[in-house]
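Let me begin by presenting the structure, written as structure tokens, before commenting on it.
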Amino acid sequence: MAAKKKKKKGQLTLGIGLNDERVPKLVGILLLFFALYLFIAFTSYLFTWQEDQNRVLQFSVELLLQSDVEMANWLGRLGAIISNMFFYWGFGLPSFLFVFLLVIYGQALIRRVPLKTNLKALRYSVLALIFFSVFLEFILPGSAFPWGGAFGEALCDWLLSFVGTLGMVVLLLFVVIGAIVWNFNPNFNEMTPKTAVTDAQEYLNDLVSGRLQQRQKRTSGATSSTSTGKETATLKPGSQQEVAEDIDKKVVDDEALDQALEGAKLTKGEQLQFELDKQKKEKQKSLSPTDAPLEIEESASPAADEDPGPAASPTQVRPLSVQEANKEHVEPYDPTLELSSYEHPVLPLLIDYSDQKVEIDRSELESNKDQIIETLLNYKIEIIKIRATIGPTITLYEIVPAPGVRISKIKNLEDDIALSLAALGIRIIAPIPGKGTVGIEVPNKKPQIVSMREVLMSDKFKRAKMDLPIALGKTISNEVFVADLAKMPHLLVAGATGQGKSVGINAILMSLLYKKHPSQVKLVLIDPKKVELFPYSKLDSHFLAFLPGQDEPITTETNKVVHVLNSLCIEMDNRYNLLKKASARNIREYNQKFVQRRLNPNKGHRFMPFIVLVVDEFADLIMTAGKEVELPIGRLAQLARAVGIHLIIATQRPSVNIITGVIKANFPARIAYKVTAKVDSRTILDAGGADQLIGRGDMLLSVGGEMIRLQGAFIDTPEVEQVIDYISQQPGYPEPFYLPEFHGDDEEIGGTSGLTFGELDEMFEDAARLIVQNQHGSTSMIQRRLKLGYNRAGRIMDQLEALGIVGPNEGSKAREVLIYDEVELMRYLEDLKNRK
């Protein structure tokens with residue numbers, strides 16, 4: 001036993017393959033080392049090539065082995081040989097581009113950036129390598145130094161003999177002009193010698209100051225595709241003036257500007273520039289009767305133009321500050337930047353059970369086939385064909401009955417076939433949906449373990465483009481099964497004790513932790529048993545969401561569960577209000593608009609993460625709280641999916657008083673582990689079959705009426721703790737993700753009437769001033785601004801209510817502030833101090 005444990009430990013620490021994230025980092029460091037080595041060797045070659053060239057031209061193995069041969073290259077014989085191969089026999093001076101490529105790809109591997117993002121740099125580097133190799137040999141023919149190397153010399157000689165010297169000049173000039181047109185797409189219609197020089201100067205200034213990338217992105221945004229036949233990048237002066245006049249009639253804010261120029265397909269910066277150009281053109285008209293062409297300038301500062309004078313209206317000056325504020329926000333919003341150093345858990349944290357895989361016994365398959373055929377023949381049922389599909393724990397035998405055989409006769413022989421096979425229990429699918437066959441599922445005598453690591457390593461999970469991917473296990477055909485919780489949209493998990501529910505919930509949570517960033521998903525965990533989900537409490541500053549003032553991030557007490565569920569209902573209503581303001585139908589559209597910076601955070605908009613509510617032992621909550629739990633759960637199940645709140649409910653007792661009609665109607669995705677009676681299977685799945693499972697993670701998944709049999713992925717408690725420790729040791733958010741406040745009737749604090757000033761809290765005056773200044777009566781604001789505990793902030797709020805400064809509690813809404821002026825508040829507090 002000790003030897004076995006030792007072996008597992010060795011696998012955990014040493015079983016590192018190509019999927020280990022340290023491997024690409026080491027390869028990246030190796031590439032950077034090669035880049036540095038080549039750079040030193042190439043630079044030395046520029047100064048020492050004459051001394052070393054005669055020695056390395058006649059390359060042989062003896063040159064590498066002879067220790068008495070000395071080279072002038074700074075890196076010795078190897079440096080001289082390598083640099084001579086690249087310069088003399090290769091591409092000459094452009095060989096330095098190999099150093100550039102090694103640095104680019106080395107950094108990409110270290111930073112775990114996809115290599116395909118650097119394909120553009122690779123493509124341009126190869127073209128530049130070929131072009132400059134030929135170009136240098138053409139302009140410096142017959143030089144002793146290999147400017148273009150053997151490659152450039154050979155290609156240049158061939159082109160000269162093919163097109164001649166003049167043709168070579170034309171060809172090189174065409175390549176240069178073509179590269180400029182391809183990369184910068186200049187507008188030749190508006191180009192003059194003066195503007196060409198000005199544009200070149202601006203480009204060089206942007207290149208030196210580092211603003212070139214932003215400029216290119218603005219240009220690409222302005223020159224978008226013209227599939228509808230309308231001009232989007234350049235407008236005629238007349239159309240620009242019409243657009244500017246249309247803007248001048250609107251109120252200058254984000255929504256009005258978006259609506260005003262929606263048909264013109266212009267960016268916000270261009271809208272504001274058009275308005276400024278309109279003002280400039282009106283001044284020019286007052287000086288000259290001719291209509292000067294409207295130009296779009298790069299600068300939007302009024303200091304660059306004439307003084308607008310006292311007649312300028314506030315609406316003409318205000319867009320300038322808006323544009324200056326938006327200059328730094330040209331990039332899309334990235335919610336992961338706040339925790340940019342966060343690293344996803346690595347796969348070596350999980351145990352690999354591949355050494356425990358059992359080879360398929362072919363004799364067992366043939367024996368089972370013969371037994372099935374013999375049993376059916378005993379009852380005069382003939383079959384045409386039979387084939388087996390081997391799974392980790394179940395083998396599916398598909399049979400094609402002879403014409404005229406009634407399927408119901410095969411279905412009734414379930415127990416007889418199980419007896420002949422001496423199996424734990426078989427399940428007959430008659431017929432298999434979408435196939436003209438009858439399925440007989442027979443448990444394997446030696447089942448295999450489906451490890452969580454094996455499932456997460458699969459390409460199906462790694463490449464899953466889903467909002468909330470969850471890896472449940474493997475199908476009968478040994479394929480990894482990955483589903484999207486956001487499309488389910490809620491999941492009901494039920495089954496008898498000890499059949500794998502807790503392991504299944506851990507597998508779902510691990511899938512989300514491995515795939516998602518803390519800014520993208522938040523978990524609300526409710527565990528009446530107090531032990532199953534308790535290890536996740538370490539993730540309070542990363543993935544968990546809970547009520548402010550809650551002692552533990554995992555909710556265990558029934559009265560707190562009611563508050564959490566009602567708080568989620570408040571969060572759901574708040575999110576629907578934000579979706580209404582943003583004209584979005586669901587959370588995906590809303591977040592997409594927010595990432596594209598089309599929503600203003602100053603108006604309450606924010607990036608909304610998905611919220612996954614996990615309720616373990618739902619039956620216990622129904623028995624103790626009843627309608628108080630059932631009503632908010634039913635409301636969330638009906639409405640919350642559009643705003644990104646999804647429910648996972650687990651229970652041991654799948655009776656009709658626990659899983660009510662409202663819950664069943666809104667939980668189309670259900671997982672059934674082994675149950676003891678058929679009636680329980682029908683309660684969960686509306687069909688039989690769960691009573692014929694073999695346990696230990698064997699499950700039936702029903703999604704939209706389709707039934708799938710899966711073997712759940714196994715993950716042990718030590719593995720879960722290792723993953724949680726890996727995440728919790730990383731820096732988290734400075735403040736946890738708090739749910740909205742909810743105050744129940746049992747939280748009313750009495751005894752605050754008839755208070756005197758000496759009985760008030762020490763921070764009462766600061767809290768009162770804060771409430772009056774902001775005209776917002778919220779306990780959480782007092783808690784955050786004054787850095788108080790939740791209970792103390794609640795007592796101060798009750799004292800404010802008792803003294804008439806704020807109104808009574810109105811549920812999810814903020815309390816009404818009854819004093820509107822800080823001077824009036826100070827006079828009221830002074831009277832209170834003097835009161836005896």
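The values are calculated or read from the model by the stated rules, or taken from the named source; none is laboratory data. Since we're looking at a predicted model, the values are computed, not measured. With ideal geometry, Cβ positions are generated from the backbone for all residues, glycine too; neighbour counts draw on all protein chains shown. These accessible areas exclude ligands, DNA and RNA; they are computed on the full protein's heavy atoms, side chains included. Shrake-Rupley method; radii C 1.70, N 1.55, O 1.52, S 1.80 Å.
Structure notes:
- Positive minus negative residues near ASP416 (Lys, Arg vs Asp, Glu; Cβ under 12 Å): -1
- Between region 438-501 and region 582-626, the Cα center-to-center distance that results, in Å: 26
- Given their separation in residues at 0.36 nm each and the Cα-Cα distance between them, LYS409 and VAL703 gain 103.0 nm when the chain is fully extended.
- DSSP-defined antiparallel bridges as percent of all bridges, region 578-723, nearest 5: 65
- Average Cα contact separation per residue, region 494-607, under 8 Å, 6 or more apart, as relative contact order %: 16
- Mean Cα-pair separation over length for region 25-160, i.e. relative contact order, pairs under 8 Å, 6 or more apart, %: 30
- Taking all protein chains into account, the per residue accessible area for region 106-191 stands at 67 Å² (1.4 Å probe).
- Probe 1.4 Å - accessible area at GLU382, Å² to nearest ten: 110
- Taking amide H positions as modeled 1.01 Å from N, with prolines and chain starts lacking one, the residues under 5 Å from LEU544 and 5 or more places away or on another chain are LEU523.
- The share of accessible area on region 82-171 that comes from carbon and sulfur is 75 percent, using a 1.4 angstrom probe.
- For region 61-166, trypsin sites (Lys or Arg not before Pro) meeting the loop criterion (DSSP other than H, G, I, E, B) and having at most 14 other Cβ atoms within 10 Å: ARG111, ARG112.
- Legend: Rg and Dmax of region 605-651, from Cα coordinates, 12.2, 39 Å.
- Computed on protein heavy atoms with a 1.4 Å probe, the accessible areas place THR336, THR48 in the order THR336, THR48, largest first.
- Computed E for MET466/VAL346 - FRET, C-beta separation, R0 22 angstrom, nearest 0.05: 0.55
- The share of accessible area on region 435-590 that comes from carbon and sulfur is 48 percent, using a 1.4 angstrom probe.
- With each label modelled as a point 7 angstrom along the Cα→C-beta vector, the ASP831-ALA625 pair spans 4.3 nm.
- Residues of region 563-610: accessible area per residue with a 1.4 Å probe, Å²: 49
- Ordering ILE771, ILE694, ILE180 by accessible surface, largest first, gives ILE180, ILE694, ILE771; the 1.4 Å probe counts only protein heavy atoms, with every chain in place.
- Accessible area in square angstrom per residue, region 401-491, 1.4 angstrom probe: 47
- With each label modelled as a point 7 angstrom along the Cα→C-beta vector, the ARG22-THR117 pair spans 2.5 nm.
- Computed from the alpha carbon positions, the gyration tensor of region 550-695 leads to an equivalent ellipsoid with semi-axes of 34, 18, 12 Å, biggest first.
- Of LYS515, LYS529, the residue with the largest accessible area leads and the full order is LYS529, LYS515 (1.4 Å probe).
- Virtual spin-label span in nm between SER583 and ARG387, 7 Å along Cα→Cβ: 5.4
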